[in-house]
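Read through the structure below, which is laid out as structure tokens, and then see the notes.
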Amino acid sequence: MLSDYSPEIPVVLLQRLLLRDAHDIQWLCLVYNYVCKHHSGARSGWSVFSDQADANHFAVCYFNEDLPLQNLRDHIVNAAHQELEEKILELKQLIEWYKDIQRWAAEMDHDYKHTGLGKRKHIKRKCKKCKLESTKIEITVHEWSLPEGPCQVALVVFELNHPVAFDMWHSVICLLLDICSPPLKRRGPHTCLRKYSTLLSYHAEHTRSRIMLVSDVKPIIESHYCSIQVLTEESKVCINNGLSFYYYDKHSEVSPIEAFHAVDISVTCSHQLPPGSYQNLQHFLQDTTHTSNQVLCSQAACDKDLSTHEYMAYGHL
């Protein structure tokens, strides 16, 4: 199944390696051919790190063929239905209790305090009737356990208990990000699946795992909207899951799909020219993909202490 997805290692990464030992070069050729073969067999744009959960996503395809994962989903859904029924019953009971309180308040008279001048004064904060009338009863919102959409559900359930081998491959391939990726803007998601309280009991994680699902949206049950007054509609107490998950590397604190697009070792593998007349030619050392026309068109960058012929000769090396 993985053969349909990108191996994630850019071919250009291997093309820029400079090795001296013949044995190392032989191993590089084997790795290069292996990676090229997998790139040629992979579907265009398909990546295991894709944030778009659709029918072509690896996690969704794997879930659709794995009976234990489907059973896990059914178990989560059944438990969520039971919690939902209990929440609806709790709401109905609290509404009845609130109505009873208001009925008792309607049957009572306001309390008055006699003053020294023979008058009565109503003190609201000490009046039993007013206290009952102002009673507010709150209920905790029930948020559905799984996100909306069958593909999002499949993605989440897969990540709750995915194969250890896949998890380790996930983590090992991300070592490239530690070595070859330039510094990227770090992200601070609000919620990660492994700490999401609603699904915490279903989550199985390897100790060396570094890729996880996160969401920039905070769960309702962890926000200040988690409790509302009981005099409301059932649909406002029992709400859908609003989380939108994507993959996240906890070590580099970035999205792996973005980081892999930025992987580059051209600077690391290139000789760095010292400050001087040749420094404007640095970019011609980083690869061999530039053409003669590009060198000709860049003559305006030629240093004043360097002749045009020397600039052209160096650019064509």
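The values are calculated or read from the model by the stated rules, or taken from the named source; none is laboratory data. Since the model is a prediction, treat every value here as computed from it, not as a measurement. Heads up, the Cβs are rebuilt from the backbone with ideal geometry, glycines too, and the neighbour counts pull from every protein chain shown. The accessibility values were calculated without ligands, DNA or RNA, using every heavy atom of the protein model including side chains. Shrake-Rupley method; radii C 1.70, N 1.55, O 1.52, S 1.80 Å.
All C-alpha pair distances within region 91-173, sorted into 10 Å bins from zero, spread as 14, 21, 15, 11, 11, 11, 9, 5, 2 percent across the bins.
For the ranges 76-89, 244-257, what's the packing order if you count other beta-carbon atoms within 10 Å of each residue, average per peptide, and put the highest first? Could you put the intermediate results ahead of the total?
Numbers: 76-89: 13.9, 244-257: 19.1.
Taking the mean over residues of other Cβ atoms within 10 Å, the ranking is 244-257, 76-89.
Please compute the length gained on full extension between residue 79 and residue 27, using 0.36 nm multiplied by the number of residues separating them and subtracting their Cα-Cα distance.
Values: separation 52, 0.36 × 52 = 18.72 nm, distance 5.21 nm.
13.5 nm is the gain from fully extending residue 79 to residue 27.
The value given for region 35-90 is a Kirkwood hydrodynamic radius of 14.2 Å, derived from the mean inverse Cα-Cα separation.
With Cβ to Cβ distances under 12 Å as the rule, what net charge do the other residues near residue 53 carry (K, R +1; D, E -1)? Kindly include the intermediate steps, with their values, before the conclusion.
Numbers: positive: none; negative: 51, 54, 148, 159.
Net charge in that neighbourhood comes out at -4.
Computed over all pairs of different Cα atoms, the Kirkwood value for the hydrodynamic radius of region 134-189 is 15.7 Å.
Per residue, what accessible area does the chain have, given a 1.4 Å probe and all protein chains present, in Å²? Walk me through the numbers before you get to the answer.
Details: 19280 Å² over 317 residues.
In whole numbers, the chain has 61 Å² accessible per residue.
Starting from the Kirkwood Rh over alpha-carbon pairs, what translational D in µm² s⁻¹ does the chain have by Stokes-Einstein at 37 °C and 0.692 mPa s?
It comes out at roughly 129 µm²/s.
Given a 1.4 angstrom probe, I'd like the percentage of the accessible area of the chain that is carbon and sulfur, rounded to a whole number. Display every interim value, and only then the final one.
Values: 10410 of 19280 Å².
So the carbon and sulfur contribution to the accessible surface is 54 percent.
Using just the helices of the chain, give the 222 nm mean residue ellipticity in deg cm²/dmol: DSSP H runs with n ≥ 4 each add -39,500 (n - 2.57), and the total is spread over all residues, rounded to 500. Kindly include the intermediate steps, with their values, before the conclusion.
Values: 12 runs with 131 residues, N = 317.
My calculation for the chain gives -12500 deg cm²/dmol from helical runs alone.
For region 179-198, the residues whose amide N sits under 20 Å from a probe point set 7 Å from the Cα of residue 283 along the beta carbon direction are 182-183.
Across every pair of different alpha-carbon atoms, what Kirkwood hydrodynamic radius in Å does region 38-135 reach?
Details: mean 1/r = 0.0500 Å⁻¹.
20.0 Å is the Kirkwood radius here.
Computed log10 I(q)/I(0) for region 105-232 at 0.14, 0.19, 0.20, 0.21 Å⁻¹: -0.81, -1.15, -1.21, -1.27, from the Debye equation with unit scatterers placed on every C-alpha and solvent omitted. The residues packed around residue 185, meaning those with a beta-carbon under 15 Å from its beta-carbon, carry a net charge of -2 if Lys and Arg are +1 and Asp and Glu are -1. The label-point distance for residue 113 and residue 240, in a model that sets each label 7 Å from Cα toward Cβ, rounds to 5.3 nm. The average projected area of region 141-296, computed from the convex hull of its Cα atoms over all directions, is 14.7 nm². Between 104, 46, 144, the GNM of the chain built on Cα springs shorter than 10 angstrom shows 104 fluctuating the most. Computed from Cα atoms, the angle from the helix 164-173 axis to the main principal axis of the chain rounds to 50 degrees.
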